[in-house]
Amino acid sequence: MNNLSGQFRKTTWDPILIISQIVAVQTVMYFCLGFWIWIIASMLGSTKSLDYAFQYKEIHVRDFEGRSVIVIFVFNALVGALALWWLVQRTKQCMDFACTAHLIHLICCWVYNGIFPTSFSWWCLNIVSLSIMCVCGEFLCMRTELQAIPLGMNSQKTAL
């Protein structure tokens, strides 16, 4: 393929790829969030519930349980960054996918609770989670994109 335009990758519009990546990132994030919730709920001896993931009132600093939910979301933001690095692999798209994942989470929470979130702690946690996911995802993708591209004949033999 002769690419004289100076672009490194193909940039054609591929909605199936984009939708697949959105679904994959969201699936990884919710699966891992459920896993973290299961671990913490088992340690606390409390009922394992979707409330930890979607209920606004579960996010607070009044007790250990509320602080645990906050820690779970922060750890999950790091998992989201790894998902961006693994599934999206583009620094320029990390913010788009991180915002999309959190927008989908907002809609899920809104549907689950039946009302739009007005909790200050919920918004703060989600903004912090979004920021961590975006910045760490961009960092990981940028490191991968900036790796040296082998150009010599010897590098082709070792790549095979």
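Determine, at each q value in 0.12, 0.19 (inverse angstroms), the log₁₀ of I(q)/I(0) that the Debye formula gives when each Cα of the stretch 29-108 is one equal point scatterer. Result of the Debye calculation: -0.37, -0.83. Ligands, DNA and RNA are left out, and with a 1.4 angstrom probe the accessible area of the stretch 14-160 is 62 Å² per residue.
The base-10 log of I(q)/I(0) for the stretch 66-146, evaluated at q = 0.12, 0.14, 0.22, 0.23 Å⁻¹, reads -0.35, -0.47, -0.96, -1.02 [Debye formula, identical scatterers on Cα atoms, solvent excluded]. Could you tell me which residue out of Val69, Gln147, Pro15 lies farthest along the dipole of the chain toward its positive end? Charges go on the beta carbon: Lys and Arg +1, Asp and Glu -1, centred on the Cα centre. Selected residue: Gln147.
Ordered from largest to smallest accessible area (heavy atoms of protein chains, 1.4 Å probe), the residues Glu65, Glu58 come out as Glu65, Glu58. Note on the chain: with charges restricted to the Cβ of Lys and Arg (+1) and Asp and Glu (-1), its dipole about the Cα centre is near 360 debye. The accessible-area ordering, largest first, of the residues Tyr56, Tyr112, Tyr30 stands as Tyr112, Tyr30, Tyr56, per a 1.4 angstrom probe. Just so you know, the Cα atoms of the stretch 6-75 work out to an Rg and Dmax of 17.4, 58 Å. Pairs of alpha carbons in the chain separated by more than 24 Å make up 44% of all such pairs. Backbone geometry of the stretch 94-109 corresponds, through the Karplus equation with coefficients 6.51, -1.76 and 1.60 at θ = phi - 60°, to 3J(HN,Hα) couplings of 4, 5, 4, 6, 5, 5, 5, 4, 6, 5, 5, 5, 4, 5, 4, 5 Hz, x marking Gly and Pro.
Say R0 is 35 Å: what FRET efficiency, to the nearest 0.05, do Val61 and Leu146 get from their beta-carbon distance? Efficiency computed from Cβ-Cβ geometry: 0.35. The accessible surface of the chain, taken with every protein chain in place and a 1.4 Å probe, is 69 percent carbon and sulfur.
A 1.4 Å probe over all protein chains sorts Arg67, Arg62, Arg143, Arg90 by accessible area into Arg62, Arg143, Arg67, Arg90, starting with the largest. Extension gain, Leu44 to Ala24: 0.36 nm times the residue separation minus the Cα-Cα distance gives 4.2 nm.
The values are calculated or read from the model by the stated rules, or taken from the named source; none is laboratory data. Keep in mind that what you see is a predicted model, and the values were worked out from it rather than measured. Note: ideal-geometry Cβ built from the backbone for every residue, glycine included; neighbour counts use all protein chains shown. Areas reflect the complete protein model, heavy atoms only, side chains present, ligands, DNA and RNA absent. Shrake-Rupley method; radii C 1.70, N 1.55, O 1.52, S 1.80 Å.
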